[in-house]
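The values are calculated or read from the model by the stated rules, or taken from the named source; none is laboratory data. Everything numeric in this text was worked out from a predicted model, so none of it was measured. Neighbour counts are summed over all protein chains in view; Cβ atoms, including those assigned to glycine, are modelled from backbone coordinates with ideal geometry. These area figures cover heavy atoms from the full protein model, side chains too; ligands, DNA and RNA do not enter into them. Shrake-Rupley method; radii C 1.70, N 1.55, O 1.52, S 1.80 Å.
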Amino acid sequence: MSTYIISDIHGCNLTFRKALKTIKLKKQDTLVILGDLIDRGFDSKGVIDTIFLLLENQFNVICVKGNHEQMFIESFTDITSKVNWMKNGGKDTLKSFLTSDIERIPMKYVDFIKSMKTYYILDGYIMVHAGIDMTVKEPLKDEKSLLWLRDWEEKYDATWLGERKVIHGHTPTTKMNIINQVKENKKIVCIDNGVFVNDKDEYGSLCILKLDDLTFYFEKSIENGNS
């Protein structure tokens, strides 16, 4: 049994499926996805369909909500949120469903996104999409920070965190910095390598962390002809 953690797939289903083959995911393993499954890439629907297929075949998949899922949910009831979502990759998600109307997305996808957790705890690790504001009374109830927080890694409360560590995504980080966080035994580890970023060195891969031995796999994006 192994535990693998991925974040920020952003509609890159070809790369996601290739990554699953690379790690040889088994039914007895656990796969934790730290949000932002959708937007920016061209196949957000395909990413969710891949997860549906895994779940239907009794794979253990845990999905944590990201800010892009939250924007998607809020777009049903708030026009300002919808405009913001459309500017940040929502148009690409709608295209993957062959529609320009969010109301035409089948409810099974909407319900799935609404059902996502805001954090997941396993073996002394707290896994969130973005960050944890440890200055508030109940950090794990501060959903806005869990989904949106940036530039917080050096401000953590060592007393609140204790022996635990945090794994998150949300902020694209170079391969070298991702690897060094583990080498240096940092309490906070970001695993987002910006899979959709194809114009900068050290970015552009889907990062997979194997929790058992803290090893990384970097699956280079193969979307839009990348290799």
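Mind checking the dipole of region 15-126: about its Cα centre, +1 per Lys or Arg Cβ, -1 per Asp or Glu Cβ, Debye to the nearest 20? If you can, show how the numbers build up before the last one.
Numbers: 17 positive and 14 negative charges, 81 e Å.
In debye, rounded to 20, region 15-126 gives about 380.
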Original post:
Relative contact order for region 173-227: what is it in percent, counting Cα pairs under 8 Å that are at least 6 residues apart?
Top reply: 26
**OP:** With N denoting the number of residues in region 174-227, provide Rg(C-alpha) divided by 2.2 N^0.38 Å, to two decimal places.
**Re:** 1.16
Subject >> Net lengthening on full extension, Lys144/Asn84 (0.36 nm per residue, minus Cα-Cα) >> reply: 20.0 nm
**OP:** Could you run the Debye sum over the Cα atoms of region 1-102, one equal point scatterer each and no solvent, and tell me log10 of I(q)/I(0) at q = 0.12, 0.20 Å⁻¹, two decimals?
**Re:** -0.40, -0.96
Subject >> Cα coordinate range in the chain, projected on the principal axes (Å, largest first) >> reply: 47, 39, 38
Original post:
So between Ile23 and Asp213, what do we pick up on full extension, going 0.36 nm a residue minus the alpha carbon distance?
Top reply: 67.1 nm
Subject >> Options Met176, Asn60, Tyr156, ranked by Cα towards positive dipole end of the chain, top entry (Cβ charges) >> reply: Asn60
Original post:
Quick one: Karplus J couplings for region 41-58, per residue in order, coefficients 6.51, -1.76, 1.60, θ = phi - 60°, nearest Hz, x for Gly and Pro?
Top reply: x, 8, 9, 4, 4, x, 4, 5, 4, 4, 5, 4, 5, 4, 5, 5, 9, 6
Original post:
What ³J(HN,Hα) values, in whole Hz, does the Karplus curve 6.51 cos²θ - 1.76 cosθ + 1.60 give for region 60-77 when θ = phi - 60°, with x put for Gly and Pro?
Top reply: 8, 10, 10, 10, 9, 6, x, 5, 6, 5, 5, 4, 4, 4, 5, 5, 6, 10
**OP:** Average the reciprocal distances over every distinct pair of alpha-carbons in region 106-203, invert the result, and give the Kirkwood radius in Å.
**Re:** 14.6
**OP:** Report in % the part of the accessible area of the chain that belongs to carbon and sulfur, leaving out ligands and nucleic acids; probe 1.4 Å.
**Re:** 49
Original post:
Under the Karplus relation 6.51 cos²θ - 1.76 cosθ + 1.60, θ = phi - 60°, what is the ordered set of whole-Hz ³J(HN,Hα) values for region 89-105, x standing for Gly and Pro?
Top reply: x, x, 4, 5, 5, 4, 4, 5, 9, 6, 8, 10, 10, 4, 5, 8, 6
Original post:
Rounded to the nearest 0.05, what FRET efficiency do Asp123 and Glu184 have when you use their Cβ-Cβ distance and R0 = 30 Å?
Top reply: 0.90
Subject >> Fraction of beta bridges assigned by DSSP in the chain that are antiparallel (%, nearest 5) >> reply: 45
Original post:
Are there trypsin sites (Lys or Arg not before Pro) in region 1-85 that DSSP marks as loop and that have at most 14 other Cβ atoms within 10 Å, and which are they?
Top reply: Lys24, Lys26, Lys27
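How much area per residue is accessible in the chain when the probe is 1.4 Å and only protein heavy atoms are counted (Å²)?
49
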